[in-house]
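Undergrad: Below are the structure tokens for one structure; questions will follow.
The values are calculated or read from the model by the stated rules, or taken from the named source; none is laboratory data. Here the structure is a predicted model, which means the values were calculated and not measured. Cβ coordinates were reconstructed from backbone atoms using ideal geometry, including for glycine residues, and neighbour counts include every protein chain displayed.
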Amino acid sequence: MQKIVFDHVTKYFGTHKAVNDAHFTINEGEFFTLLGPSGCGKTTLLRTIAGFYRQEEGDIYFGDKLINDVPTHQRNIGMVFQNYAIFPHMTVFENVCYGLKARSVPKKEMEQRAMEALEMVQLTHLRDRVPSDMSGGQQQRIALARAIVIRPGLLLMDEPLSNLDAKLRVKMRSDIRRLQKELNITTIYVTHDQEEALAVSDRIAVMSEGVIQQIASPEDIYSYPANKFVSNFIGTSNFLEGHCTGYNEAAQEASMRLLETQWSQKLSRPYEGKVLFSLRPERIRLRGDEPGERLVRGTIDSVTFLGEKVSYAVRLSNDSVIEIQEHAIEPHRMRKAHQTVYVDLQLDKATLFDESGKEVLY
Ligand code: ATP
């Protein structure tokens, strides 16, 4: 268990910055996830930590130790990848012993540790089987046992669940989370699946085009996205354009206009011009068919029943369409397409960005 420090790390491929100035610390025992769309640089950053790549700029520390020039096999890392990377001709037990053999661990201790690791991933009953006739989930458990049996200071996982079906993914992710907490191993987990990241992580780093956009807990990433990219990538967001004028220095607020409503709003810095509101579908409220203070008028374009939730596409007076979600407790009370509705946008629960979407104004 150790902390990992990235001190202005940049990794180039030719002139392309695959990782651009990564500067952050992962805490001891933390489950830390690198999340972002394909090609954003997550795997490159992970491979740099593993020592498969050498960064061109910056330093990486494990604890207080600078590891820039330490080869992979001396970094004390356990790794689990998407494609299992286990030996098909060896038994489950032999697979798990492999790393211990390479480290010349005495036979008795090796057997004991391998059995412990197999117990943790609930595979002791399959110890003498070969992996080739086992399921994807079981094979990934072998890979996990093999990674933890060496008692690594750091566990790296790159999309470990993406070859598994949806149900098994959910089961495996909670098993991984439980195991990681039990063993208290600092873990870096790569995924492009936001739901997976929200479910397992202590903290998440959201990446785009090589740049870390935000690092925060799952709850904060969801509720307080740092910019439009994060707001759009995590969960569903409705973006509505408003206008802000007459910034008042003393009160630190400005006049805000959005659709047919107008009000004064505090801002984190002086600003006038176009603004962008980001609203989560479940934080918007559909009211009745009567107008009211701060309500905006809309028409239901379509209704999608999602089981426990119902999703409405609502067209507002400026012709933009927003998604609103409600619990479908009483399906007979669901609203119907073409119905006129009044909507409480609950703007105090929205995130307010500047026109470019790069900066939070409130
Ligand atoms: P994915 O989820 O698809 O694996 P990723 O976020 O892990 O994507 P990386 O594989 O780290 O992204 O790639 C980041 C960028 O660096 C991409 O533009 C990719 O094309 C480029 N890249 C990655 N590996 C190499 C390489 N060996 N040589 C040249 N360019 C590379």
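Undergrad: Scan the range 26-41 and tell me whether some residue there is more than 9 Å from the ligand (Cβ to nearest atom) and over 18 Å from A205 (Cα atoms).
TA: Scanning the range 26-41 turns up no residue that is more than 9 Å from the ligand (Cβ to nearest atom) and over 18 Å from A205 (Cα atoms).
Undergrad: How many of the residues making up the range 168-195 are buried (at least 22 other Cβ atoms within 10 Å of the Cβ) and under 15 Å from the mean Cα position of the chain (by Cα)?
TA: 5
Undergrad: For the range 139-166, what are the residues that are surrounded by 19 or more Cβ atoms within 10 Å (Cβ to Cβ) and assigned to a helix (DSSP H, G or I)?
TA: Q139, Q140, R141, I142, A143, L144, A145, R146, A147, I148
Undergrad: Got a number for residues in the range 281-319 being out of contact with any Asp or Glu (no Cβ under 7 Å at 6 or more places or on another chain) and either without any contact (Cβ under 8 Å) to a residue 12 or more places away in the chain or assigned to a helix (DSSP H, G or I) (or both)?
TA: 5
Undergrad: Sticking with this structure for a sec: I'd like the residue in the range 214-230 that is free of Cβ contacts under 8 Å to residues at least 24 places away in the same chain and of a type in the set (S, T, N, Q) and, out of all such residues, is farthest from the ligand (Cβ to nearest atom).
TA: This residue is S223.
Undergrad: Mind checking which residues of the range 84-114 are loosely packed, with under 14 Cβ neighbours inside 10 Å, at negative phi and outside any helix (DSSP H, G or I)?
TA: Within the range 84-114, P88, H89, R103, P106 qualify.
Undergrad: Looking at this structure, is L279 buried (at least 21 other Cβ atoms within 10 Å of the Cβ) and assigned by TED's automatic domain parsing to the domain that holds A328?
TA: Against the criterion (buried (at least 21 other Cβ atoms within 10 Å of the Cβ) and assigned by TED's automatic domain parsing to the domain that holds A328), L279 qualifies.
Undergrad: Quick one: in the range 50-83, which of the residues that are under 26 Å from G137 (Cα atoms) and not aromatic (F, W, Y) is nearest to the ligand (Cβ to nearest atom)?
TA: Let us first name the residues in the range 50-83 that are under 26 Å from G137 (Cα atoms), namely 50, 76-83.
Next, only the ones that are not aromatic (F, W, Y) stay: 50, 76-80, 82-83.
Details: A50: 12, N76: 23, I77: 18, G78: 19, M79: 15, V80: 15, Q82: 9, N83: 12 Å.
It comes out as Q82.
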